[in-house]
Amino acid sequence: MASPAQADLLPQELRVLVAVAESGGFSAAAAALGLTQSAVSHSVRGSEAKVGAVLFERGRGGASPTPAGERAVGHARRILRLYEALRAEARGAAGGSVEVVGGTLRIAAFRSAALHLLPPALERLTARHPGIRPEVRVVRELGAGAAGEVVAGRADLGIATLNAGAPEGQGARGAQGGPAGLLTGVLAEEAYALVHPAGHPDPKSLPLLDWDENCGSYTRDWWRAQDWIPRATVKAEDDAMVLTMVGRGLGMAILPELSLREATDAVEITDLGPRRPLRRVGYVTTPESAATLAVRALIRELRSDRS
């Protein structure tokens, strides 16, 4: 008979771990799951015994995942998603010779990617597979960014910035570097350009406007080599706000192509030359999610825009 440390966690135990992490406490998780607090507490203790690690810090304010708990909860979310994929794909295959792809498809993307890259792909995807229900969350590309949402199990696929030095197939990154073990594919390579108020006689004399997500190390290295670029005097919440401020004559900015798709006649765009910085944008997913029909179908549609 298997010892507790060798036993697998049951689906209900995984659901309890996720509920505690998302609700911040045993009582709230019990209410969400329709269980008693003692049943939730007992389940968590059992899971910790099986895993061999403390998964939650308990306190008066509730319960928060330990580093081991964060990892365990991420795996729990992804495993539960595979259970959902199992049911959806089995039902789809049971209907006959034509395989039906359906179910919820969770996507995380940074703002300009969600605005410009995803819509045409999702339009084709849902036309071909009406049973797929996309859920798109816009996340800031800071810290772990969209890739972190995939690692945490909150997204099946992310649209993220990719490490400029990594080969295709690995190396998703947020602002602080990327987690290993993810599958990636490049969808777009964006050139950065100088954007400034229309008609300004000397745009390089203007103050620099920037935003927190514009933080690729390869871009910063290029910036440091340009003696005409001052330190940013204003930082905005996102690239759309930067573009609006430039149009109001408040400064100049250096923005990638996806952001510049929203440019109006109030601004002009100047090429930065052959050595201008580039940003690679691509999809990020886990190996197990990449094997599911819905994610594979979305990747095909995303790739078709690049071909």
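General observations
- Qualifying residue in the stretch 127-137 (condition: more than 11 Å from Ala109 (Cα to Cα), under 11 Å from the mean Cα position of the chain (by Cα) and either modelled with pLDDT under 95 or open to solvent by less than 60 Å² (accessible area, probe 1.4 Å) (or both)): no
The rows are residues; the columns are (1) touching a strand residue (DSSP E or B) at 6+ places or on another chain (Cβ under 8 Å); (2) of a type in the set (Gly, Ala, Ser).
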{"position": "Gln12", "(1), (2)": "no, no"}
{"position": "Arg15", "(1), (2)": "no, no"}
{"position": "Ala32", "(1), (2)": "no, yes"}
{"position": "Ser47", "(1), (2)": "no, yes"}
{"position": "Lys50", "(1), (2)": "no, no"}
{"position": "Phe56", "(1), (2)": "yes, no"}
{"position": "Gly69", "(1), (2)": "yes, yes"}
{"position": "Val73", "(1), (2)": "yes, no"}
{"position": "Arg77", "(1), (2)": "no, no"}
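- Test: residue in the stretch 15-25 that is in a helix (DSSP H, G or I), among the polar types (S, T, N, Q) and either surrounded by fewer than 14 Cβ atoms within 10 Å (Cβ to Cβ) or touching a His at 6+ places or on another chain (Cβ under 7 Å) (or both): no
- Which numbered condition Val281 misses (of (1) within 12 Å of Ala193 (Cα to Cα); (2) surrounded by 17 or more Cβ atoms within 10 Å (Cβ to Cβ)): (1)
- Screening Glu213 with (1) at pLDDT 90 or above; (2) within 26 Å of the chain's Cα centre (by Cα); (3) surrounded by 15 or more Cβ atoms within 10 Å (Cβ to Cβ) gives one miss only, at (1).
- Those residues of the stretch 250-267 which are more than 29 Å from the chain's Cα centre (by Cα), loosely packed, with under 15 Cβ neighbours inside 10 Å and not acidic (Asp, Glu), in sequence order: Ala266
- Considering residues of the stretch 111-125 that are charged (D, E, K, R) and at pLDDT 95 or above only, the residue nearest to Ala240 (Cα to Cα): Glu123
- Check on Glu288, closer than 30 Å to Thr126 by Cα and part of a loop (DSSP other than H, G, I, E, B): no
- For the condition under 23 Å from Ser112 (Cβ atoms), of a type in the set (S, T, N, Q) and open to solvent by 20 Å² or more (accessible area, probe 1.4 Å), Thr270 qualifies.
- Cross-chain or 6+ apart pairs with Cβ under 8 Å, the stretch 130-154 first and assigned to a helix (DSSP H, G or I), then open to solvent by less than 90 Å² (accessible area, probe 1.4 Å) and of a type in the set (S, T, N, Q): Gly145/Thr161; Val150/Thr285; Val150/Thr286; Val150/Ser289; Val151/Thr286
- Pairing residues of the stretch 40-52 that are over 12 Å from Ala29 (Cβ atoms) with residues that are open to solvent by less than 30 Å² (accessible area, probe 1.4 Å), at Cβ distances under 7 Å and at least 6 apart in sequence or on separate chains, gives Gly46/Glu13; Ser47/Glu13; Ser47/Leu17; Ser47/Leu55; Glu48/Leu55; Val51/Ala72.
- Evaluated against (1) at pLDDT below 90; (2) farther than 25 Å from Arg303 by Cα; (3) touching a Pro at 6+ places or on another chain (Cβ under 8 Å); (4) of a type in the set (Ser, Thr, Tyr), Tyr218 falls short on exactly one condition, (2).
- Some residue of the stretch 51-74 being assigned to a helix (DSSP H, G or I) and over 25 Å from the mean Cα position of the chain (by Cα): yes
- Any hit, the stretch 260-280, residues being in a helix (DSSP H, G or I) and closer than 24 Å to Glu190 by Cβ: yes
Table: residues versus (1) among the charged types (D, E, K, R); (2) within 26 Å of Thr292 (Cβ to Cβ); (3) open to solvent by 60 Å² or more (accessible area, probe 1.4 Å).
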{"position": "Leu55", "(1), (2), (3)": "no, no, no"}
{"position": "Arg58", "(1), (2), (3)": "yes, no, yes"}
{"position": "Thr66", "(1), (2), (3)": "no, no, no"}
{"position": "Arg81", "(1), (2), (3)": "yes, yes, no"}
{"position": "Val101", "(1), (2), (3)": "no, yes, no"}
{"position": "Thr104", "(1), (2), (3)": "no, yes, no"}
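- Some residue of the stretch 201-209 being open to solvent by less than 10 Å² (accessible area, probe 1.4 Å), within 26 Å of Ala146 (Cα to Cα) and modelled with pLDDT of 90 or more: yes
- Within the stretch 26-47, being open to solvent by 30 Å² or more (accessible area, probe 1.4 Å) and assigned to a helix (DSSP H, G or I) holds for Ser27, Ala28, Ala31, Ala32, Leu33, Gln37, Ser38, Ala39, His42, Arg45.
The values are calculated or read from the model by the stated rules, or taken from the named source; none is laboratory data. Computed from a predicted structure; not experimentally measured. When we count neighbours, we look across all protein chains shown, and the Cβ atoms used for this are built from the backbone with ideal geometry, even at glycine. For accessibility, only protein heavy atoms count, side chains too; no ligands or nucleic acids. Shrake-Rupley method; radii C 1.70, N 1.55, O 1.52, S 1.80 Å.
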